[in-house]
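These notes concern the structure reproduced below.
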Amino acid sequence: MVIDRTANQTTGATGDLPLPPRLRATLNADYPRFSAAEMARRRGAIETLLAEFELDHLVYCGANRFGSAVQWLTGWPVTAEAVGVLTPNIADAMFIQHINHVPLARRLAAPAEVSWGGGSSVAAAIAVLERRGARAGRVGVIGPMTFEQHATLAARFGTIANLNRRYVQLRQIKSAEEIDWLRIGAALTDRGMAALRDGLRPGLTERELADVVEHAYVALGGTNVIHFFGVTPMAAPALGVPTQFVANRKVDKGDAVVAEISAAFWDYPGQVLRSFAVDAEPSPLYRELHVAADAAFDAIATILKDGTTPSEIVEAASVIERAGFTIIDDLLHGYGGGYLPPILGSRSRPSAHTGNEPLRAGMTVVIQPNVVTPDGKAGVQTGELVLITKTGIESLHVMPRGFMRV
């Protein structure tokens, strides 16, 4: 499918985001919060997990803006470092680095009791565990704990139970409120991709493309997760998949631009992937690649619902191999709260993470066939974040699909 952008202007490409009133109220809040019931649901899930593993306490942590459990349990997006202690029936204690981050953390993470971590946030957490009577072998951890932090914790409480895998399972199924926040993230992401479509022209550098994308959503409360671009001449392609860091190369007439964009509303992103031909018709090869990508997306979308297995998804996508092509990027992955299972490849490029546990209603996944030539020199991408339901899928995006000439 080839689309001329002049005939397809995405709603919300300019002006405010096209959101229903309840989501607009969330977007426009000073600091948006999940409901007390939603936060209690999350804490209840963790307390059930602790009981299952015969644990009394959880240490959750993150650093350098990484560690989603901190925000999921408290509302605080990790900055430099955060270490929290969760004990059933007692308010959380959380320790923050740096000290100037503490005042805002106290606002966002309430009712957790937030303090500065001093010289060591994990040492401060250990002191709390000691006051709460923690015993050896009864403490679990969720989050990216450093070797030093783990050694310090284990020296005091013995074997520390790693609950990260089970936490990931908790994050796979989204609540209704989480889906609402993902809808906002998807709308912000659509706005970024629409800005790329409308602003892409010969002479811009990849750095300038990034500026175009981020300008579309930052003022509305969005934050950048990724904007990956693959820019290469269709007549002599040398790149099959978007790159993770932008080059300073200028876009030229006759280029293919393959883009993967995620903007987030707090910790809830969308993801949309599209391909563009710059000031020229798509070449025959690129048309063939995108026909195969569209066919793979449609084949997956047709069968995807509660109960669909990874093997069925991989089989549906075998239209890629039948067309003589393969993939580089993952074919499908869970998203929202991390890069989540299932993470699937294709027949010709299998994934190391493939199991065959059925997908379930409430999961949000990205379908993203990155169809490339066998030598990996030419490729396209299409796809987006979708919600799995009992009977099918719902796309969280409105950005038109198709290979667009710009």
Practice task
Write down the radius of gyration of the chain and its Dmax, each obtained from C-alpha positions, in Å.
Solution key: 22.7, 70
Fill in the blank from the handout: Taking R0 as 25 Å and r as the Cβ-Cβ distance between Thr205 and Tyr339, the FRET efficiency 1/(1 + (r/R0)^6), rounded to the nearest 0.05, comes to 0.35
Exercise for the section: Please say if region 131-170 is rounded, prolate or oblate, where rounded means a/c under 1.5 for a ≥ b ≥ c the square roots of the C-alpha gyration tensor eigenvalues, and otherwise the choice is prolate for a/b larger than b/c and oblate otherwise? Expected result: oblate
Completion exercise
Mean separation of Cα contacts under 8 Å (at least 6 apart) over the residue count of the chain, i.e. the relative contact order in percent, is 16 percent
Problem - At least 20 Å along the helix axis (C-alpha) and Kyte average at least 0.0, DSSP helices within the chain - result: 284-303
Practice task
Work out the count of Lys pairs in the chain where the Cα-Cα distance is under 19 Å, with the pair 8 or more places apart or on different chains.
Solution key: 5
Problem - Interchain or long-range residues, amide H under 5 Å from Ala161's placed H - result: Val139, Gly140, Val141
Fill in the blank from the handout: Here the gain from full extension of Arg135 to Asn248, 0.36 nm per residue of separation minus their alpha-carbon distance, amounts to 35.1 nm
Exercise for the section: Express in nm, to one decimal, how much length is gained between Ala91 and Ile226 on full extension, taking 0.36 nm for each residue of separation and deducting their alpha carbon distance. Expected result: 45.1 nm
Practice task
Determine the gain in length on full extension of the stretch Ala110-Ser395; use 0.36 nm per residue of separation and subtract their C-alpha separation, reporting nm with one decimal.
Solution key: 99.2 nm
Completion exercise
Loop-resident GluC sites (Glu not before Pro) in region 31-88 with no more than 11 other Cβ atoms inside 10 Å, DSSP not H/G/I/E/B, are Glu54
Exercise for the section: For region 55-67, take each phi angle, set θ = phi - 60°, evaluate the Karplus expression 6.51 cos²θ - 1.76 cosθ + 1.60, and give the result in whole Hz per residue in order, putting x for glycine and proline. Expected result: 10, 9, 9, 10, 9, 10, 8, x, 7, 6, 6, 9, x
Practice task
Using the Karplus curve 6.51 cos²θ - 1.76 cosθ + 1.60 with θ = phi - 60°, work out ³J(HN,Hα) for each residue of region 223-240 in order, rounded to whole Hz, and write x for Gly and Pro.
Solution key: 10, 6, 9, 8, 9, 9, 10, x, 10, 7, x, 5, 6, 9, x, 9, 8, x
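Only the coordinates and a few stated rules stand behind these numbers; no lab work does. Please read all numbers here as calculations on a predicted model, not as lab measurements. So basically every Cβ, Gly included, is an ideal-geometry build from the backbone, and we count neighbours across all protein chains shown.
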